[in-house]
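Accompanying notes for the structure given below.
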Amino acid sequence: MKKLFGKFILGLSKVLDVILGGIVTGLSYIVNLLSSISVFLVLIGIAFLTLGSFLLPLVLIFLLSNPVFWLIIFVFFIVPFLGKKFISFLRYINYSLCEYLNDYGNFLLGNNKGYSSFKEYKRKYERAQEEQYEREREERQRREQEEWERRFNAFNEYFSNQGGYYGGYQGYQGYQGYYQNAGASYDPYSDFKNKFENACRVLEFNTFDIDYYQVKLQYRKLAKKYHPDLNRDTDTTEKFQEINSAFEFLTEENIKRYNQMKR
């Protein structure tokens, strides 16, 4: 009887995984579609208001008093925002519930010596999300490094084809002037330098002479300060995203590259 119930629990786990997974996939498609349409509507609205700016007061009065306008706001702006929160909650339920039932079913079948409490699966889910985010962040950093190398190589190749001499990062200032005088429109060294220094400002450094240990400490401090979940009264989402982007850019390799450019 115990093993039969264990098989039932395992089967229920698989069924729920398929159902909840299908719901998450369907809702994600709908939310992404509505989000795309909302961007299109914003662009149309900006263009309309620009062309008819002299009629702006009348247009605003008409829109604000029209229930169709508020319906559009709700469907294409509020629903996607709430939908993302709900999808995130469903993913958590899907993982926690199905993993719990799977371990419990295997315990009843004698395949596991024990199983964790349901609360423990919440912590496992959070750790899994953190690990996934870390993998995605490392992949973004890898692609960004490759893109910078491509830009620098193209710059150096252009310089060499003009009969110049490439002497490494130390020749940055000379390359910069030569590159601009030759009529080229993009200077990757200036772009990198500006992005590095702006990232330092976002993380509230008073100097550009930093190391990666300092970056990690400052990131943890600011991430905790501006995390949206810890700031219910004010919207810090944009600030939090800027902090994450700055942290992703200030890698050990980029810090080393910036220091080499200063020499």
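The values are calculated or read from the model by the stated rules, or taken from the named source; none is laboratory data. The structure presented is a predicted model; accordingly, all values stated were derived computationally and were not measured. A quick note on method: Cβ atoms are made from the backbone with ideal geometry, for glycine too, and the neighbour counts reach across all protein chains shown. The accessibility values were calculated without ligands, DNA or RNA, using every heavy atom of the protein model including side chains. Shrake-Rupley method; radii C 1.70, N 1.55, O 1.52, S 1.80 Å.
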Cβ-Cβ under 9 Å pairs, at least 6 apart or on other chains, region 210-232 side within 12 Å of I243 (Cβ to Cβ) and at pLDDT below 90, far side part of a helix (DSSP H, G or I) and open to solvent by 70 Å² or more (accessible area, probe 1.4 Å)
K224/L230; Y226/E242
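This table checks each residue for (1) more than 17 Å from E248 (Cβ to Cβ); (2) under 22 Å from the mean Cα position of the chain (by Cα); (3) at pLDDT 80 or above; (4) in a helix (DSSP H, G or I).
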| site | (1), (2), (3), (4) |
| --- | --- |
| N94 | yes, no, yes, yes |
| N112 | yes, no, no, no |
| S116 | yes, no, no, no |
| K124 | yes, yes, yes, yes |
| E130 | no, yes, yes, yes |
| R135 | no, yes, yes, yes |
| E139 | no, yes, yes, yes |
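Taking the residues in region 201-211 that are in a loop (DSSP other than H, G, I, E, B) and charged (D, E, K, R) as candidates, determine which candidate is nearest to F249 (Cα to Cα).
Across region 201-211, the extreme among qualifying residues is D211.
Considering only region 99-110, state which residues are outside any helix (DSSP H, G or I) and either among the hydrophobic types (A, V, I, L, M, F, W, C) or in contact with a Ser or Thr (Cβ under 7 Å, 6 or more places away or on another chain) (or both). First the steps, then the outcome.
Going residue by residue through region 99-110, those that are outside any helix (DSSP H, G or I) are 109-110.
Answer for region 99-110, where residues must be outside any helix (DSSP H, G or I) and either among the hydrophobic types (A, V, I, L, M, F, W, C) or in contact with a Ser or Thr (Cβ under 7 Å, 6 or more places away or on another chain) (or both): just L109.
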All conditions in (1) among the charged types (D, E, K, R); (2) farther than 25 Å from D229 by Cα; (3) open to solvent by 100 Å² or more (accessible area, probe 1.4 Å) are true of E99 except (3)
Pairs where the first residue, in region 244-262, is within 23 Å of E130 (Cβ to Cβ) and the second is buried (at least 17 other Cβ atoms within 10 Å of the Cβ) and not small (G, A, S), C-beta under 6 Å, 6+ apart
A246/V202; A246/L203; F247/Y219; L250/V215
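In region 213-245, what residues are of a type in the set (F, W, Y) and either open to solvent by less than 50 Å² (accessible area, probe 1.4 Å) or within 21 Å of K85 (Cα to Cα) (or both)?
Here is the first cut: in region 213-245, the ones of a type in the set (F, W, Y) are 213, 219, 226, 240.
Result: Y219, Y226, F240.
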Checking S38 against (1) closer than 28 Å to R127 by Cα; (2) surrounded by 13 or more Cβ atoms within 10 Å (Cβ to Cβ); (3) among the small types (G, A, S), only one condition comes out false. Which one?
(1)
Exactly one of these conditions fails for M261: (1) closer than 20 Å to E146 by Cβ; (2) at pLDDT 90 or above. Give me its number.
(2)
Of the residues in region 110-123, those that are closer than 11 Å to E99 by Cα, touching a helix residue (DSSP H, G or I) at 6+ places or on another chain (Cβ under 8 Å) and either touching a residue at least 40 places away in the same chain (Cβ under 8 Å) or open to solvent by less than 60 Å² (accessible area, probe 1.4 Å) (or both) number 2
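Looking at this structure, is N198 surrounded by 12 or more Cβ atoms within 10 Å (Cβ to Cβ), within 27 Å of the chain's Cα centre (by Cα), assigned to a helix (DSSP H, G or I) and at pLDDT 85 or above? Before you say what the answer is, go through the steps one by one.
On the way: surrounded by 12 or more Cβ atoms within 10 Å (Cβ to Cβ): yes; within 27 Å of the chain's Cα centre (by Cα): yes; assigned to a helix (DSSP H, G or I): yes; at pLDDT 85 or above: yes.
Answer is yes for this residue.
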